[in-house]
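Chemist: First, the structure itself, so that you have it in front of you.
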């Protein structure tokens, strides 16, 4: 125990020891029944006489804070920690000036977690449409448990070493095969592993953008990317999305006007709108980015989850080399808690990303990379994809049917061809945030639209529904509750409907 | 399979399909024996006639690239992928201009991995002193396997969810208890989990430093921190370390002259020198930083691994609140592949770090946090610490004895009181890099000193030895080989010794 002893202080040393341990007990950092070091040991550690320690222990024992059991040692006695101790101590901290200066320079737009709000309402049977991921029940947790067990048996400590800086080679090889089977050819030397797609987007943005630069995004777009761009301090310019994806027709003018350093796009089943970019816009986008010398960051978070329509090539598949930076993840399809994503790109950028990843966090957990590699084969990925596509497609239908049957006709939405989300546009008279408060009371949660816009105000009449996380009957029940919530809002507004 | 079909292209569609699959097979992204989608399915996916797909498959089959097994499907035939295919394709990529402009702006100092060099020499029994971590054999891999199995059984999918943004609460509570037992009192609301201490240092530096700012470090210091600071684009000023740690006597002049925005220090068993900062310097450092309004980043990567001398308080324990940012890790003591570290700090900085972590990678693997929490108790941590201290202390002795017995007297070093490393200063006539090349041939590896200096040239006569990763007899054998390598270098230089 490294107790801070100040020999030049006028407080006697035994008192310093006594104070330190007392504060630990009262603040809860020394728990009840925790064993304290023997006085001889603590004296030796600190270079002070054991009698001094014994004197300190004696005072603590007299105050009832610790007790000695003959032959087994000295222990902290039953709980002395209280909230009041913590409160009073917290109030007494006077922070240094540099902490005051931290306040402003990262103007993130943070929203209250919708699921938290839903749970706070204590509805007996809450239904959440606000998840950003797939159905947890489809995640192969039992198989994965066996796999991770097997990997630790097979690889022992090697599984817990740092591993390669680009990521575990067999996993990168497997990713090349999976991408190949889905229609994107690449090579292992162009694939690097990241801690989820969020880290992928973050690393790329931090390499390609500096404060004052401009990034071009879709309107609306993924809130985690918007907050990332805000935190880097770049200007964010957005191009609207319609049911066929980004309005690439507006791109050239925007490129000319703003000269962005990066285009961020989610071409497949976009978050939050669910829109899928059509083929001619894809080609046009790749050609324009090339002409204007702007890198494209393609976020393909659920690209293979299609229920309807024809497959469009990924932008990366249209890239003649080194122009499109492709990012995807295993979080949505398999397991979010793995935090496992990857980047596909070529050229000097690849090396730069690997270097930047190394200074950021050295490596992503080697154990989890090995477990994922051991679990995911092309066959398993495709089987999982088939199961998910079949199940999620039915749920998509169920939600569309429920919306048709139960929601007012002046609520607009587009039937998604895949992915996880349906995007609703409410009439001007309804604020999504206001609706959420009532919906949570009714036992249904959704994601308010404002977090997906550069100017949050633009999304205040929109909301995002995840249609994959609930069964069809619960989807209908949730939409009925949403409908009732809408009636209630309108009723409050007009006095009648 | 999302094959990029261009309907406006003059190449017939069947030919486009054939080309795409052929390229995939030749480049290896479609593996031998991989099943191709049925022609009906692929036609439906792409919105083209199945006969078109069949024509493409027919051409591929005629070329021997795929084969059909009646009743079971179409498969890629045995390996067609060759290195030549890859080579020729690689050469043909012409990169966009923005890739050329990436070249310079992150002047990292990257060195060849010493272990790789050692392995390349194909010595029958290589001994590496270049590890940055503890002995892999002491890591509790079997217990950990059981624990992770148990956590997945207990928590199911919850263990694979994103989890809290500050980190898994019970793990943060356990860290408070462990720190308390080691002599640092804190509270759970001041602890956040990171992906190893590298991410902790990286997040802190990116919040507190911007390009053009100045950071103050020890000379020499941890190379991963130096490269991080280089990559952020800050000016790095260093203060020498002697056997009692940073020369805090020079600090005030340096603070006045350079007005740094951050002081980065490793007070305990410093990397690479092994030096431990004494108590009066610690107090002086904390007081000066407060006076000059500069945050201190305390990297306590092996603070509890003491074999000799008295325990000194962590700088954080001397902090009246919000001045010292404390960083530590479970990588060195338990398992590096977990990538699990943590930050202790108070004030607005804490919230800023959590936000910045979220935009960087959302969260650290919830599964591994739960497994670590389930494994690490105060008692287990202390038992592991006792075992490691006992074993590593003996190895430290063994290396010091071997150095005394076998190395030339003009090699200087200081006996470390703890940690992992001994730092050797070679005579001016020997370059560490030159020595490494010969030592690797002799079957012994070490870390060259230059990577630990802002100006790498200053470290060219230094080297770092890890004394904990080898058993005492192998330590002696390794030092004998090092001695022979030194003789050989001197012999080459002088023609005699």
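The values are calculated or read from the model by the stated rules, or taken from the named source; none is laboratory data. What you see is a predicted model, and the numbers here were worked out from it, not measured in a lab. FYI the Cβ positions are ideal-geometry reconstructions off the backbone, even for glycines, and counts take in every protein chain you see.
Chemist: For residue B:88, indicate whether it is crowded, with 17+ Cβ neighbours inside 10 Å, in the same structural domain as residue B:5 (by TED's automatic domain parsing), at pLDDT below 90 and closer than 30 Å to residue A:293 by Cα. Don't jump to the end; show me each part of the working.
Modeler: Numbers: crowded, with 17+ Cβ neighbours inside 10 Å: no; in the same structural domain as residue B:5 (by TED's automatic domain parsing): yes; at pLDDT below 90: yes; closer than 30 Å to residue A:293 by Cα: yes.
Judged against the criteria, residue B:88 is not a match.
Chemist: State whether the residues of the stretch A:47-57 include one that is within 30 Å of residue B:210 (Cβ to Cβ), within 9 Å of chain B (Cβ to nearest Cβ), part of a loop (DSSP other than H, G, I, E, B) and modelled with pLDDT of 85 or more.
Modeler: no
Chemist: Next up: Which is at the interface with chain A (Cβ under 8 Å from one of its Cβ atoms), modelled with pLDDT under 95, outside any loop (DSSP other than H, G, I, E, B) and surrounded by fewer than 23 Cβ atoms within 10 Å (Cβ to Cβ), of B:156, B:150? Let's see the steps before the verdict.
Modeler: Working: B:150 fails: at the interface with chain A (Cβ under 8 Å from one of its Cβ atoms).
Step by step, each of B:156, B:150 is checked, and only B:156 is at the interface with chain A (Cβ under 8 Å from one of its Cβ atoms), modelled with pLDDT under 95, outside any loop (DSSP other than H, G, I, E, B) and surrounded by fewer than 23 Cβ atoms within 10 Å (Cβ to Cβ).
Chemist: Another question, if that's okay. Looking only at the stretch B:222-244, filter to residues that are more than 14 Å from every other protein chain (Cβ to nearest Cβ) and in contact with a helix residue (DSSP H, G or I) (Cβ under 7 Å, 6 or more places away or on another chain); which one of those is surrounded by the most Cβ atoms within 10 Å (Cβ to Cβ)?
Modeler: For the stretch B:222-244, the residue satisfying everything is B:239.
Chemist: Another question, if that's okay. Could you check, for the stretch B:188-210, whether at least one of its residues is at positive phi and part of a helix (DSSP H, G or I)? Outline the logic, then answer.
Modeler: Taking the stretch B:188-210 as the starting set, the residues that turn out to be at positive phi are B:196.
With the extra rule that they be part of a helix (DSSP H, G or I), the set shrinks to B:196.
Yes.
Chemist: Considering A:95, A:171, which residue is surrounded by 16 or more Cβ atoms within 10 Å (Cβ to Cβ), part of a loop (DSSP other than H, G, I, E, B) and at pLDDT 85 or above?
Modeler: Result: A:95 is the single residue among A:95, A:171 that is surrounded by 16 or more Cβ atoms within 10 Å (Cβ to Cβ), part of a loop (DSSP other than H, G, I, E, B) and at pLDDT 85 or above.
Chemist: Quick one: in the stretch A:350-364, which of the residues that are at the interface with chain B (Cβ under 7 Å from one of its Cβ atoms) and without any contact (Cβ under 8 Å) to a residue 60 or more places away in the chain is farthest from residue B:149 (Cα to Cα)?
Modeler: Going through the qualifying residues, I end up with A:355.
Chemist: For the stretch A:245-263, enumerate the residues that are outside any helix (DSSP H, G or I) and either away from chain B (no Cβ under 14 Å) or surrounded by fewer than 20 Cβ atoms within 10 Å (Cβ to Cβ) (or both).
Modeler: A:245, A:246, A:247, A:259, listed by residue number.
Chemist: How many residues are under 40 Å from the mean Cα position of the chain (by Cα) and modelled with pLDDT under 90 if we restrict to the stretch A:1-22?
Modeler: Result for the stretch A:1-22: 4.
Chemist: While we're here: Looking at the stretch A:331-340 only, could you name the residues that are facing another protein chain (nearest Cβ under 7 Å) and either touching a helix residue (DSSP H, G or I) at 6+ places or on another chain (Cβ under 6 Å) or surrounded by fewer than 24 Cβ atoms within 10 Å (Cβ to Cβ) (or both)?
Modeler: Result: A:335, A:337, A:338, A:339.
Chemist: Among the residues of the stretch A:165-172, is any facing another protein chain (nearest Cβ under 10 Å), within 25 Å of the chain's Cα centre (by Cα), in contact (Cβ under 8 Å) with a residue 24 or more places away in the chain and more than 20 Å from residue A:374 (Cβ to Cβ)?
Modeler: yes
Chemist: Okay, moving on. For residue A:23, work out the one condition from (1) surrounded by fewer than 19 Cβ atoms within 10 Å (Cβ to Cβ); (2) within 19 Å of residue B:173 (Cβ to Cβ); (3) in contact with a strand residue (DSSP E or B) (Cβ under 9 Å, 6 or more places away or on another chain) it doesn't fulfil.
Modeler: Answer for residue A:23: the failing condition is (3).
Chemist: Just to be sure, is residue B:416 outside any helix (DSSP H, G or I) and surrounded by fewer than 21 Cβ atoms within 10 Å (Cβ to Cβ)?
Modeler: On the way: outside any helix (DSSP H, G or I): yes; surrounded by fewer than 21 Cβ atoms within 10 Å (Cβ to Cβ): no.
When the stated conditions are applied, residue B:416 does not pass them.
Chemist: Could you check the stretch B:445-469 and list, in sequence order, the residues that are over 19 Å from residue B:413 (Cα atoms) and either assigned by TED's automatic domain parsing to the domain that holds residue B:216 or touching a strand residue (DSSP E or B) at 6+ places or on another chain (Cβ under 6 Å) (or both)?
Modeler: B:454
Chemist: Within the group A:421, A:446, which residue is touching a helix residue (DSSP H, G or I) at 6+ places or on another chain (Cβ under 8 Å), on the phi < 0 side of the Ramachandran plot, modelled with pLDDT of 95 or more and crowded, with 21+ Cβ neighbours inside 10 Å?
Modeler: A:446
Chemist: Would you mind telling me which numbered condition in (1) at the interface with chain B (Cβ under 10 Å from one of its Cβ atoms); (2) in contact with a helix residue (DSSP H, G or I) (Cβ under 9 Å, 6 or more places away or on another chain); (3) surrounded by fewer than 20 Cβ atoms within 10 Å (Cβ to Cβ) residue A:176 fails?
Modeler: (3)
Chemist: For residue A:14, all conditions in the list (1) in a helix (DSSP H, G or I); (2) buried (at least 19 other Cβ atoms within 10 Å of the Cβ); (3) within 14 Å of another protein chain (Cβ to nearest Cβ) hold save one; what is the number of the exception?
Modeler: (3)
Chemist: Right, another one. Can you tell me which residue among A:430, A:422 is out of contact with any strand residue (DSSP E or B) (no Cβ under 7 Å at 6 or more places or on another chain), touching a residue at least 40 places away in the same chain (Cβ under 8 Å) and outside any helix (DSSP H, G or I)?
Modeler: A:430
Chemist: Got at least one residue in the stretch B:25-40 being in the same structural domain as residue B:77 (by TED's automatic domain parsing) and assigned to a strand (DSSP E or B)?
Modeler: Scanning the stretch B:25-40 turns up at least one residue that is in the same structural domain as residue B:77 (by TED's automatic domain parsing) and assigned to a strand (DSSP E or B).
Residue-wise test of (1) in a helix (DSSP H, G or I); (2) at pLDDT 95 or above; (3) within 11 Å of chain B (Cβ to nearest Cβ); (4) in contact with a helix residue (DSSP H, G or I) (Cβ under 6 Å, 6 or more places away or on another chain).
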residue	(1), (2), (3), (4)
A:270	no, yes, no, no
A:277	no, yes, no, no
A:284	yes, yes, no, yes
A:312	no, no, yes, yes
A:317	yes, no, yes, no
A:320	no, no, yes, no
A:342	no, yes, no, yes
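Chemist: Here's something else I'd like to know. Which of the residues spanning the stretch A:461-497 are more than 12 Å from residue A:430 (Cβ to Cβ), buried (at least 20 other Cβ atoms within 10 Å of the Cβ) and out of contact with any helix residue (DSSP H, G or I) (no Cβ under 6 Å at 6 or more places or on another chain)?
Modeler: Answer for the stretch A:461-497, where residues must be more than 12 Å from residue A:430 (Cβ to Cβ), buried (at least 20 other Cβ atoms within 10 Å of the Cβ) and out of contact with any helix residue (DSSP H, G or I) (no Cβ under 6 Å at 6 or more places or on another chain): A:464, A:465, A:466, A:469, A:470, A:478.
Chemist: Which of the residues spanning the stretch B:116-141 are assigned to a loop (DSSP other than H, G, I, E, B) and within 17 Å of residue B:419 (Cα to Cα)?
Modeler: Listed by number, the residues that qualify are B:129, B:130, B:131, B:132, B:133, B:134, B:135, B:139.
Chemist: If residue B:182 satisfies all but one of (1) touching a residue at least 12 places away in the same chain (Cβ under 8 Å); (2) at the interface with another protein chain (Cβ under 7 Å from one of its Cβ atoms); (3) in contact with a helix residue (DSSP H, G or I) (Cβ under 7 Å, 6 or more places away or on another chain), what's the number of the condition it fails?
Modeler: In the conditions (1) touching a residue at least 12 places away in the same chain (Cβ under 8 Å); (2) at the interface with another protein chain (Cβ under 7 Å from one of its Cβ atoms); (3) in contact with a helix residue (DSSP H, G or I) (Cβ under 7 Å, 6 or more places away or on another chain), residue B:182 misses (3) alone.
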